[in-house]
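The structure appears right after this line, and notes come after that.
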Amino acid sequence: GSRLGVIVEVNCETDFVARGDVFKELVADIAMQVAACPDIEYVSPDDVDPAMVEAERAVQMKMEDMLSKPENIREKIVQGRLDKMVNEKALIKQDFIKDTTKTVEEIIKEATASIGEKISVRRFVKYNLGEGMEKREEDFAAEVEAQTKALAEKAAAKKEEPKKEEAAKPAAA
């Protein structure tokens with residue numbers, strides 16, 4: 001199957017806390033959360049691109065089920081749909097995979113309270129094995145033909161060079 005790698009940057013205030021088992025376990029859990037949820041695109045709903053939200057708002061406003069509703073109600077429904085979409089893609093708003101009664105944000109707050117230091121998830125990156133690598137399309141016959149032509153042209157160029165030198169010598173004498 002496919003293999004997934006996740007890098008998560010979780011910040012705390014001191015390196016003493018960063019070396020602690022509670023912090024390391026929290027970071028591992030957050031990395032598993034990111035790996036387990038393919039829909040996650042950003043850490044917080046505040047990180048979403050406003051241009052993407054506006055484009056989605058325009059699409060939602062033009063949907064058939066919205067056109068029959070009054071303008072003021074339409075705005076509220078669309079805003080509700082956008083908030084739901086944004087929260088579904090935000091890491092800290094996800095249900096925690098080990099305890100679905102809590103969100104990731106609540107787990108981070110609990111860790112902050114137990115450690116006594118501010119902890120925040122700054123960013124994450126997902127890597128799929130083989131993703132982003134383009135497979136070269138090779139035509140072996142065409143490649144051999146191109147190399148043969150290049151060699152033939154090189155050989156022809158070498159044969160012409162000595163003739164030019166020989167022609168130049170008698171003129172100089």
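Taken together, the values in this text are just the output of simple stated rules run on the coordinates, not laboratory data. Just so it is clear, the model here is predicted, and its values are computed rather than measured. Positions of Cβ are backbone-derived with ideal geometry, glycine not excepted, and every protein chain shown enters the neighbour counts.
Here are a few things to note about the model shown:
- Long-range amide H partners of Thr103 with built H, under 5 Å: Phe96
- Point-to-point label distance, Glu138-Gln79, nm (Cα→Cβ direction, 7 Å offset): 5.9 nm
- Distance from the Cα centroid of segment 13-29 to that of segment 37-86 is 36 Å (rounded to whole angstrom).
- Summed side-chain charge close to Val17 - residues other than Val17 whose Cβ falls under 13 Å, Lys, Arg +1, Asp, Glu -1: -2
- Applying the Karplus relation 6.51 cos²θ - 1.76 cosθ + 1.60 with θ = phi - 60° to segment 65-76 yields 3J(HN,Hα) values of 5, 8, 5, 7, 8, x, 4, 5, 6, 4, 4, 5 Hz, where x marks Gly and Pro.
- Overall form of segment 1-61: oblate. Here a/c, set by the Cα gyration tensor axes a ≥ b ≥ c, is 1.5 or more, and a/b is not larger than b/c.
- Amide proton proximity set for Glu13, modelled H, under 5 Å, gap of 5+: Lys118
- In this calculation the C-beta distance from Asn11 to Ala157 is compared with R0 = 45 Å, giving a FRET efficiency of 0.10.
- Glu41 sits among other residues whose Cβ lies under 9 Å from its own Cβ, and their net charge, with Lys and Arg +1 and Asp and Glu -1, is -1.
- Estimated 222 nm signal from helices in the chain, with DSSP H stretches of n ≥ 4 weighted -39500 (n - 2.57), rounded to 500: -18500 deg cm²/dmol
- Amide H contacts under 5 Å for Val6: Tyr127, restricted to partners 5 or more places along the chain or on a different chain, H placed in the peptide plane at 1.01 Å from N.
- Order by protection proxy (mean Cβ within 10 Å, highest first), peptides 89-99, 141-151, 117-127: 89-99, 117-127, 141-151
- Between Ala55, Val43, Gln33, the Cα set farthest toward the positive side of the dipole of segment 1-56 (charges on each charged residue's Cβ, about the Cα centre) is that of Gln33.
- Anisotropy class of segment 1-154 from Cα gyration tensor, a/c 1.5 cut: oblate
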